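The structure appears right after this line, and notes come after that.
The values are calculated or read from the model by the stated rules, or taken from the named source; none is laboratory data. Not measured: the values here are computed from a predicted model. Neighbour counts run over all protein chains shown; Cβ positions are idealised from the backbone, glycine included.
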Amino acid sequence: MTNSEAETYSLAESFGKMLTPGSNLFLDGDLAAGKTVFAKGVGKGLGIVENIKSPSYTLLCIYEGRLPFYHFDAYNLSGIDDFFDLGFDEYLENDGVVLIEWANVIREGFPYGHIDIKIDKIAENEEQRRLTFTARDGSEEERILKEWRNHEDSCL
Ligand SMILES: Nc1ncnc2c1ncn2[C@@H]1O[C@H](COP(=O)(O)OP(=O)(O)O)[C@@H](O)[C@H]1O
Ligand SMILES: [Mg+2]
């Protein structure tokens, strides 16, 4: 649970620090849930100094940090076929971290592992968000999540 934009940003920053090459992050949540805020925090955690913008119109923004960061917005795609037709698969299982906003659009048929991050608004409070992280049982992604949680616990 986070209580402000700044809290979501710093949670994402700490998460970004744990990521390894080939990490695929699926972000879902309504408009203005905080997907782009989360992406900015991940970018900070990856050591990117550039200002991270929403790729809603460009579909993809690429940044160089500790690892390359490929920030996608799938809202305007119709499915995974579009993703492949645009040549975006070139960035998957590669040297960097992939983050996809509106990932539900390309979820079906996505050929690689990923971490799901769902951001939900809590109706009663304008600034409260619930962030839910999930990965497939026994996967490398699950291992990264566990390691991050242990790290977070030891820093409380
Ligand atoms: N706890 C929170 N976490 C993230 N954003 C929040 C939070 N509370 C309020 N906000 C606001 O919600 C909006 C999220 O915008 P954005 O990240 O662009 O959403 P999305 O990319 O999901 O459409 C911002 O205006 C931000 O200030
Ligand atoms: Mg966005």
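When restricted to residues that are within 6 Å of ligand 1 (Cβ to nearest atom) and of a type in the set (V, I, T), the range 27-47 contains 2. Of all residues in the range 1-31, which are within 16 Å of ligand 2 (Cβ to nearest atom) and without any contact (Cβ under 8 Å) to a residue 12 or more places away in the chain? Passing the criteria: only L31.
Selection of the range 1-47 for residues being in contact with a Lys or Arg (Cβ under 6 Å, 6 or more places away or on another chain), surrounded by fewer than 19 Cβ atoms within 10 Å (Cβ to Cβ) and over 14 Å from T132 (Cβ atoms) yields E13, G47. Please go through the range 63-93 and pick out each residue that is of a type outside the set (D, E, K, R) and under 19 Å from M18 (Cα atoms). Within the range 63-93, Y63, G65, L67, P68, F69, Y70, H71, L92 meet the criteria. Exactly one residue out of L31, L25 is of a type in the set (A, V, I, L, M), closer than 20 Å to D116 by Cβ and assigned to a strand (DSSP E or B), and it is L25.
Taking F83 as the residue in question, decide whether it is more than 13 Å from ligand 2 (Cβ to nearest atom), of a type in the set (A, V, I, L, M, F, W, C) and within 10 Å of the chain's Cα centre (by Cα). Against the criterion (more than 13 Å from ligand 2 (Cβ to nearest atom), of a type in the set (A, V, I, L, M, F, W, C) and within 10 Å of the chain's Cα centre (by Cα)), F83 does not qualify.
Report, ordered by the first and then the second residue, all pairs with beta carbons closer than 8 Å, sequence separation of six or more or different chains, a first member in the range 130-156 that is at pLDDT below 90, and a second member that is part of a helix (DSSP H, G or I). Partner pairs satisfying both residue conditions: H151/S14; H151/M18; E152/S14. Annotation: of all residues in the range 86-137 being β-branched (V, I, T) and over 22 Å from I48 (Cβ atoms), the one that is nearest to ligand 2 (Cβ to nearest atom) is V105. Taking the conditions exactly as written (over 14 Å from D116 (Cα atoms) and more than 8 Å from ligand 1 (Cβ to nearest atom)), does S14 satisfy them or not? Yes; evaluated as a whole, the condition is true for this residue.
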